[in-house]
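Engineer: One structure, as structure tokens, below. Some questions next.
Derivation of every value follows stated rules applied to the coordinates shown; laboratory data play no part. Everything quoted here is computed from the prediction, not taken from an experiment. Heads up, the Cβs are rebuilt from the backbone with ideal geometry, glycines too, and the neighbour counts pull from every protein chain shown.
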Amino acid sequence: MTDGGGLRLTGLVKAYGPVRAVEGVDLDVPAGELVTVVGPSGSGKSTMLRLIAGLERPDAGMVAVGGQDLRDVPPHRRSVAMVFQDYALYPHLTVRENIMFGLRVRKVPKGEARRQAGAAAERLGIADLLDRYPDQASGGQRQRVALARALVRSPAVYLLDEPLVSLDAQLRLSTRADLLALHRQIGSTTLHVTHDQAEAMTMGDRVVVMDAGRIRQAGPPQEVYDAPADTFVAGFLGSPPMNLVPGGGVLGGAAGGTVGVRPEDLALDPAGPIEATVDAVETLGSEAVLLTRCPDGLRLAVRTPPRLSLRPGDTVRLRFDPDRLHRFDAAGRRV
Amino acid sequence: MTRAKGERSLSGWAFLAPYAVAVVLLIAVPALLNVGYAFTDHTGLTRDPQFVGLDNVRRLADDAFLADSLEASLFHVALSVPLRLLAAVGLGLLLAAPRPGGRWFRTAVYLPTVVPDVALAVLFLWVLNPLYGPLNQLLGLFGHPGYTWLSDPTTARVGVVLMLLFPIGEGFVVVLAARRLLDGRLYEAAALEGCGPFGQLRRITLPLLAPVLVLLAVRDTILTLQVNFVPAYVLTDGRPANATLYLPVYIFDQAFEFSGFAYAALITILLMLITAAIIAVQLLAVRRWRVLR
């Protein structure tokens with residue numbers, strides 16, 4: 001396969017003084033794929049985007065788009081567009097001028113630039129905002145303006161740095177769907193950085209989990225969820241996260257290692273082997289999460305049907321499916 | 001509730017009072033008296049000044065010294081305000097980014113503002129000295145014979161402007177602070193679009209700083225029409241050929257040297273009107289800028 005607009009990162013390293021922000025990242029994104037990058041704050045997600053965009057120079061390693069090494073290619077000559085977290089719209093320019101900005105810098109004639117800006121705005125449903133200023137647009141509209149600004153560049157690779165984080169929950173859901181639809185329409189290679197795991201799981205063809213400047217795991221969302229590569233990924237994805245029991249404990253011995261079980265793989269069963277006390281009940285409407293504590297102090301979260309009328313202090317017995325246990329070695333790697 | 005509110009506004013007035021009293025006694029009352037004196041025959045020593053109607057106003061029309069003074073002041077504003085603004089903005093933008101040694105450069109730019117006007121003027125008597133002054137020596141390095149700075153009308157005016165190019169610390173600090181408030185991401189977004197440093201200056205920095213620049217221009221116009229008093233007095237005493245007889249100098253001469261207190265009062269009003277007119281022109285010129293809404 002020739003990756004027309006594919007993205008390849010090889011051994012990417014970037015340090016800021018003593019802080020190693022990105023430490024040997026290898027990633028291959030075939031053309032047209034949407035990859036979500038998820039990880040806690042400071043895991044190197046944004047730095048990775050900045051390295052790809054050319055806002056930072058890697059200390060080592062290579063960024064290639066469409067097979068071309070971008071080492072000495074300045075940001076504006078890379079076929080890469082970036083949408084910033086807070087959109088970075090120019091407050092003194094109208095929406096139209098914002099979208100046209102890059103075209104005008106690249107000496108595209110004014111008429112043509114206006115036409116392209118109009119077309120991009122049309123596509124994103126913000127055509128009626130063209131003559132407004134960013135501070136006269138809502139958060140969701142501003143986000144679309146930022147997208148339109150990326151769109152007119154018709155880049156091979158889109159870099160989205162937490163594009164939904166400033167939107168309220170409801171708008172985030174609908175915008176998520178819109179973004180996906182747009183991606184399907186354009187079919188461009190997209191790297192979508194987020195710290196929202198629901199966003200990462202639902203949007204990506206593949207999800208990349210990062211921590212401390214490294215990629216911990218990359219793969220289709222369900223696969224990463226079902227078979228986390230290490231305890232970090234196991235504890236990071238899922239809400240509530242996987243119950244991790246050092247040494248195995250009530251889940252059965254694992255000398256030196258850790259055994260994990262997802263809250264949905266635990267069930268209430270009067271004949272179950274685990275005894276626990278209910279600490280709290282989190283009711284979510286369609287389901288509930290029991291936060292329980294075993295006699296040895298171990299805390300276990302359990303996903304249950306709603307309306308069980310359990311109260312804090314109640315004693316319950318739990319059963320687990322031995323086939324659904326996750327075993328990790330002493331270094332935290334999946335066995 | 002109402003009582004607490006009343007007490008609060010009362011204490012507000014109490015805190016305001018010292019300043020308000022000073023403003024009334026030291027500024028408002030003298031300004032009103034000034035308007036009154038402008039239409040009398042007050043010499044400054046007259047015990048009982050008499051109202052003389054528009055006599056002083058008629059005198060304005062054929063006062064050759066006033067014409068010279070106006071010309072000197074307008075020349076000074078036209079040259080000094082743009083250059084001072086350019087220096088403050090240029091240095092402010094250059095030194096806003098954190099870089100090694102930056103704080104020393106910033107201190108160096110601000111330093112002349114701390115030096116008293118008179119001291120700076122005495123320093124410039126030396127700088128502009130045609131025989132051993134460093135400026136002429138510098139010009140000499142380029143094979144230029146140098147100028148007799150303060151004894152030629154044009155170069156004397158330029159000399160005063162040169163001196164006032166140094167105390168620009170306040171405008172500099174304002175530009176520095178305003179530039180640092182601009183969002184760094186705007187510049188990254190621009191860099192991604194291929195907008196270089198010069199394009200960023202033109203398309204982002206200057207438009208976003210426009211409100212500050214207008215404010216500085218207005219302020220500097222007011223200031224510049226007045227602060228040239230000290231340099232003119234120390235460097236040239238209004239000479240040569242009235243080239244530096246700026247309005248404040250002429251007002252001082254009229255009021256305290258020629259016993260024309262009433263006439264000086266009238267010129268003060270004229271100075272204020274000229275200042276207002278220049279500012280009005282500036283604001284009209286930038287009215288269409290969106291940032292000023």
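Engineer: Take the Cα atoms of the range A:7-232, find their three principal axes, and give me the spread along each one in whole Å, biggest first.
Structural biologist: Taking max minus min along each principal axis of the Cα atoms, the range A:7-232 gives 51, 41, 31 Å.
Engineer: Could you work out which residue, out of A:252, A:111, A:67, moves most in a Gaussian network model of chain A, that is, has the largest mean-square fluctuation with Cα springs under 10 Å?
Structural biologist: Maximum among the listed residues: A:111.
Engineer: Kindly express, to the nearest 10 degrees and within the range 0 to 90, the angle between helix A:110-123's C-alpha long axis and the longest C-alpha principal axis of chain A.
Structural biologist: 30
Engineer: Here's another thing I want to ask about it. Take chain B, mark every one of the chymotrypsin sites (Phe, Trp or Tyr not before Pro) that falls in a DSSP loop and has at most 10 other Cβ within 10 Å, then report the longest stretch left between them, sites excluded.
Structural biologist: My reading of the result: B:143-293 is the longest stretch.
Engineer: Taking the alpha-carbon centroid of each part, what is the distance from the range A:1-73 to the range A:203-282 in angstrom?
Structural biologist: Their Cα centres are 28 Å away from one another.
Engineer: Considering every residue in B:191-201, what mean count of other chain Cβ atoms within 10 Å of its Cβ is obtained?
Structural biologist: So the per-residue partner count for this stretch is 5.
Engineer: Rounded to the nearest 500, what is chain A's calculated 222 nm mean residue ellipticity when only DSSP H runs of at least 4 contribute -39500 (n - 2.57) each, over all residues?
Structural biologist: -7500 deg cm²/dmol
Engineer: Who wins for biggest fluctuation among A:284, A:89, A:300 in a Gaussian network model of chain A, springs between alpha carbons below 10 Å?
Structural biologist: Per the Cα network of chain A with a 10 Å cutoff, A:284 tops the list.
Engineer: Per the helix-only calculation at 222 nm, which mean residue ellipticity applies to chain B, given -39500 (n - 2.57) for every DSSP H run of n ≥ 4 and division by its residues, nearest 500 deg cm²/dmol?
Structural biologist: So the calculated ellipticity at 222 nm is -21500 deg cm²/dmol.
Engineer: Still on this structure, please answer the following. Among A:227, A:181, B:199, flag the residue with its Cα farthest along the positive direction of the charge dipole of the protein assembly as shown, charges on Cβ as +1 for Lys/Arg and -1 for Asp/Glu.
Structural biologist: A:181
Engineer: DSSP H helices in chain B with Cα extent of 20 Å or more along the helix axis and mean Kyte-Doolittle hydropathy at least -0.5?
Structural biologist: B:2-23, B:64-96, B:206-227, B:261-285
Engineer: May I ask you to derive the relative contact order of chain A, considering only C-alpha pairs under 8 Å and at least 6 residues apart, and to give it as an integer percent?
Structural biologist: That works out to 17 percent.
Engineer: Taking amide H positions as placed in the peptide plane 1.01 Å from N, state which residues far from residue B:260 in sequence (5 or more) or on other chains have amide H under 5 Å from it.
Structural biologist: B:255
Engineer: Something else now. Run the dipole for the range A:154-245 about the Cα centre, Lys and Arg Cβ at +1, Asp and Glu Cβ at -1, nothing else charged, and hand back the magnitude in debye, nearest 20.
Structural biologist: So the dipole magnitude of the range A:154-245 works out to roughly 140 debye.
Engineer: What dipole magnitude, in Debye to the nearest 20, does the range B:181-244 give about its Cα centre under +1 on Lys/Arg Cβ and -1 on Asp/Glu Cβ?
Structural biologist: With only Lys, Arg, Asp and Glu charged at Cβ, the dipole is about 100 debye.
Engineer: Here's another thing I want to ask about it. On a straight-distance basis, which aspartates and glutamates could pair with residue A:45 in a cross-link, Cα separation under 14 angstrom, same-chain partners fewer than 8 positions away excluded?
Structural biologist: Filter leaves A:23, A:26, A:56, A:161, A:162, A:196, A:211.
Engineer: Give the long-range amide H neighbours of residue B:46: residues separated by 5 or more places, or on another chain, with amide H under 5 Å away, using H modelled in the peptide plane at 1.01 Å from N.
Structural biologist: When sequence neighbours closer than 5 places are left aside, there are no close amide H contacts.
Engineer: Continuing with the same structure: Cα atoms only, the protein assembly as shown: Rg and Dmax in Å?
Structural biologist: For the protein assembly as shown, the Cα radius of gyration and maximum Cα-Cα distance read 36.3, 114 Å.
Engineer: Further question on the same structure: How are the Cα pair distances of the range B:169-293 distributed, in percent, across 5 Å bins from 0?
Structural biologist: Reading upward from the zero bin: 2, 9, 14, 14, 14, 11, 9, 9, 7, 5, 3, 2, 1, 0.
Engineer: I'd like to know which of A:75, B:218, B:271 lies farthest towards the positive end of the charge dipole of the protein assembly as shown, counting +1 on Cβ of Lys and Arg and -1 on Cβ of Asp and Glu.
Structural biologist: A:75
Engineer: Right, something else. Quick query: amide H of residue A:37 versus all other amide H atoms, modeled in the peptide plane; which residues come in under 5 Å with a sequence gap of 5 or more or a different chain?
Structural biologist: A:192, A:193, A:194, A:208
Engineer: Quick one: compute the contact order of the range A:240-328, relative version, from alpha carbon pairs under 8 angstrom and 6+ residues apart, as a percent.
Structural biologist: Relative contact order for the range A:240-328 comes out at 34 percent.
Engineer: Hey, got the dipole for chain A? About the Cα centre, +1 on K and R Cβ, -1 on D and E Cβ, debye to the nearest 20?
Structural biologist: 1180
Engineer: Tell me the trypsin sites (Lys or Arg not before Pro) within the range B:87-171 that lie in a loop according to DSSP and have at most 10 other beta-carbon atoms within 10 Å.
Structural biologist: Counting only loop positions with at most 10 other Cβ atoms within 10 Å, none of the trypsin sites (Lys or Arg not before Pro) in the range B:87-171 qualifies.
Engineer: On a 0 to 90° scale, report how tilted helix A:95-105 is relative to the longest principal axis of chain A, with both axes built from alpha carbons and the result rounded to the nearest 10.
Structural biologist: Helix A:95-105 sits at roughly 70 degrees to that axis.
Engineer: Next question. Among the DSSP beta bridges whose two residues both lie in chain A, what percent are antiparallel, rounded to the nearest 5?
Structural biologist: The answer is about 75 percent antiparallel.
Engineer: Apply the Karplus curve 6.51 cos²θ - 1.76 cosθ + 1.60, θ = phi - 60°, to the phi angles in the range A:26-40 and return the couplings in whole Hz, x for Gly and Pro.
Structural biologist: 10, 8, 10, 10, x, 3, x, 8, 9, 10, 9, 10, 10, x, x
Engineer: I've got another one for you. Please provide three numbers in whole Å: the alpha-carbon extents of the range B:65-292 along the principal axes, with the largest listed first.
Structural biologist: 65, 44, 29
Engineer: Taking chain A as a Gaussian network, where each spring joins two C-alpha atoms under 10 Å apart, which residue of A:208, A:261, A:35 fluctuates the most?
Structural biologist: A:261
Engineer: Now a separate question. Which angle from 0 to 90°, rounded to the nearest 10, does the C-alpha axis of helix A:139-151 make with the longest principal axis of chain A?
Structural biologist: Approximately 60 degrees, to the nearest ten.
Engineer: Now for a different question. Would you mind giving the mean number of other chain beta-carbons within 10 Å of the Cβ of each residue in A:149-158, as a whole number?
Structural biologist: 1
Engineer: Multiply the residue gap between residue A:174 and residue A:323 by 0.36 nm, knock off their C-alpha separation, and tell me the result in nm, one decimal place.
Structural biologist: Result for the pair: 50.0 nm of gain on full extension.
Engineer: Considering only the other residues whose Cβ falls under 12 Å of the Cβ of residue B:229, what net charge follows from Lys and Arg at +1 and Asp and Glu at -1?
Structural biologist: -3
Engineer: Now for a separate question. Among all the aspartates and glutamates, which ones have a C-alpha under 13 Å from residue A:110's C-alpha, if same-chain residues fewer than 8 places away are not counted?
Structural biologist: Within the straight-line cut-off, residue A:110 pairs with A:97.
Engineer: Taking Rh as the Kirkwood radius computed over C-alpha pairs, what is the Stokes-Einstein D of the range A:180-314 at 25 °C in a medium of viscosity 0.890 mPa s, expressed in µm² per second?
Structural biologist: Answer, rounded: 145 µm²/s.
Engineer: I'd like to know which of A:195, B:83, B:28 lies farthest towards the positive end of the charge dipole of the protein assembly as shown, counting +1 on Cβ of Lys and Arg and -1 on Cβ of Asp and Glu.
Structural biologist: Checked the options; the winner is A:195.
Engineer: Just to be sure I understand: of the beta bridges DSSP finds with both ends in the protein assembly as shown, what percent are antiparallel, rounded to 5?
Structural biologist: 75
Engineer: Other chains' Cβ within 10 Å of B:179-187 residues: what's the mean?
Structural biologist: 3
Engineer: Treating the range B:28-79 as a set of equal point scatterers at the Cα positions, no solvent, please give the Debye-formula log₁₀ I(q)/I(0) at q = 0.14, 0.15, 0.17, 0.29 Å⁻¹.
Structural biologist: -0.53, -0.59, -0.71, -1.02
Engineer: So what's the Cα pair-distance distribution over the range A:240-328, bin width 5 Å, in %?
Structural biologist: In whole percents, the pair-distance histogram is 3, 15, 27, 27, 16, 8, 3, 1.
Engineer: Compute for the range A:71-163: radius of gyration divided by Kirkwood radius, i.e. Rg/Rh, restricted to C-alpha atoms, rounded to two decimals.
Structural biologist: The Rg/Rh ratio comes out at 0.95.
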